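What follows is calculated from the coordinates using simple rules that are stated; it is not laboratory data. Fair warning: this is a prediction, and the values are worked out from it, not measured in the lab. So basically every Cβ, Gly included, is an ideal-geometry build from the backbone, and we count neighbours across all protein chains shown.
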């Protein structure tokens, strides 16, 4: 099972209501994935010379102000922080690598969820409705977002095993399906210094894309290579800073439907998640073909 | 005309009412509003009534239909008219995968494109698609006819039995044991009659016929490479 939803706005009006619409889509997919839920929002670019970082602390009382002060001191600049439930979004000055090295050394218990210019990832265990509530997702604005409701099959129900998975700066992956060669591929990727935190199969696919992109592939090339190297069944949705991409495996038995109007482009595992969007009655609706990369981006 | 608004009434009560229509009843015209992608709309009908669904539906719309005529004004999700026994189902938009799967009879018309596995394991249903169909359509199709006015994806008619495929456009790659066959006058005539019945304006002479090479019905070691 699992449910995927994704919404890309083409009008400022839709951008203002992105969180509300995406939350409704996510909740509609509850019975496909009641174990955990997560979203990636692309919104409010970091100021020049800054990186936006989302972190997860297991402790909901975590002292983020203290962390921001320590991190700012170490990096020689101000770090702005805003709490979102069990997560926090930090605006960090300078290069990302310096912040990452500091966090890994001084705060190994914190989990890096996403990094980039506009991306923010929030995910947790529990019903989608609870996740929407915990992160106040309905209030979120942004240009585009994707979400996932998980029915766990390959690994445990944990926050770390929830989707989306970060695959690099401003990149993330959600997945409906399962992979059968993830153990061998995980070992292969770890040997190439790709960090994989869990036993989850999708994280391996995310790591695979991270590796291909690091080796110089474009996103399209990385996904095309994945058609050969990732064994299993899947509908992937990839979020990028400018838009998103969709890819289904060659057999394409995992459901997916796409819809487009002048105001938005949406994709979901089932159409009912899209039905609540304005103008969906008149949308162009189709099922994406197998092995074909569909991508949208801001020109 | 009886209107049922799914924004106000639940799906189960709609299906119960449709299934409870008795023989000879004058409740023959129904309209379903606001389906909002709901699954299993108008399934298991057994009387010759007409149901018009105004909007897009989810999975399995019109499944197991007998005698009823169901029109979906919009897109249909996976498995529309699955296991239909008789009657008609028409989709004015596109259809997702497995349209008409395992259907035993009746007529399914898709005015847009149908996705993969259209007519999978069909057992007597007639399916007419005005647009194109995706890969693995008519997989293991046993009897009945699949008419495709556009193109067909790869592996058309893989492991097909005695169903007939009529294709006007191109096919990516034929499936195992599926071959092109001669279009004889009787096929031409039967196809034209089916196109007319489906309300699709097309000439039977523009179609090619595909069917089984009959090499894979039973295991034969000489054909091992074809499996």
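Of all DSSP-defined beta bridges confined to the protein assembly as shown, some 65% are antiparallel rather than parallel. The alpha carbons of the range A:215-297 occupy a box of 41, 28, 14 Å along the principal axes, longest dimension given first.
Give me A:148, A:84 sorted ascending by neighbouring Cβ count inside 10 Å, so fewest comes first.
Ranked by crowding around the Cβ, least crowded first: A:84, A:148.
Placing a pseudo-label 7 Å from each Cα along the Cα-to-Cβ vector at residue B:34 and residue A:104 gives an inter-label distance of 5.4 nm. Of the residues A:29, A:140, the one with the fewest other Cβ atoms within 10 Å heads the list, and the complete ranking is A:140, A:29.
Over the C-alpha atoms of the protein assembly as shown, the Rg to Rh ratio, Rh being the Kirkwood estimate, stands at 1.04. Sequence-distant contacts, meaning Cα pairs under 8 Å at least 6 residues apart, place the relative contact order of chain B at 10 percent. In µm²/s, what is D for chain B at 37 °C and 0.692 mPa s, where D = kT/(6 pi eta Rh) by Stokes-Einstein and Rh is the Kirkwood radius from Cα pairs? Rounded, D is 187 µm²/s.
Counting other C-beta atoms within 10 Å, which of A:80, A:254, B:8 has the fewest, and how do the rest follow?
The order, fewest Cβ neighbours first, is B:8, A:80, A:254.
Projecting the alpha carbon convex hull of the range B:94-227 along each direction and taking the average yields 7.1 nm².
For the range A:107-207, the Kirkwood radius over C-alpha pairs fed into Stokes-Einstein at 20 °C and 1.002 mPa s yields D = 147 µm² per second.
Which whole-number percentage describes the relative contact order of the range A:45-117, with Cα contacts under 8 Å and a sequence gap of 6 or more? Don't skip to the answer; put the middle values down first.
Values: 116 pairs, mean separation 34.1, N = 73.
For the range A:45-117, the relative contact order is 47 percent.
Pull out the extension gain between residue A:295 and residue A:139, defined as 0.36 nm times the separation in residues minus the alpha carbon to alpha carbon distance; nm, one decimal.
53.5 nm
Take every Cα pair under 8 Å whose residues are at least 6 apart in sequence, average their separation, divide by the length of chain A, and the relative contact order is 24 percent. First check a/c for the range B:1-105, with a ≥ b ≥ c the square roots of the eigenvalues of its C-alpha gyration tensor; if it is under 1.5, answer rounded, and if not, answer prolate when a/b is larger than b/c or oblate otherwise. In terms of gyration-tensor shape, oblate. Considering only beta bridges that DSSP places wholly inside the range B:2-226, some 15 percent are antiparallel. In this label model, residue B:173 and residue B:192 are separated by 3.7 nm, measuring between points 7 Å along each Cα→Cβ vector.
Note on residue B:12 and residue B:50: with the Förster distance fixed at 22 Å, the Cβ-Cβ geometry gives a FRET efficiency of about 0.55. Convex hull volume of the C-alpha atoms in the range A:43-98, normalised per residue: 78 Å³. Model label sites at residue A:84 and residue A:70, defined 7 Å from Cα along the beta-carbon direction, differ in position by 2.3 nm. Volume per residue for the range A:33-157 equals 108 cubic angstrom (convex hull of Cα atoms). Once R0 is set to 56 Å, what does the formula 1/(1 + (r/R0)^6) return for the Cβ-Cβ distance between residue A:231 and residue B:26, expressed as a FRET efficiency to the nearest 0.05? So the FRET efficiency works out to roughly 0.45. Relative to the 2.2 N^0.38 Å rule of thumb, chain A has a C-alpha radius of gyration ratio of 0.94.
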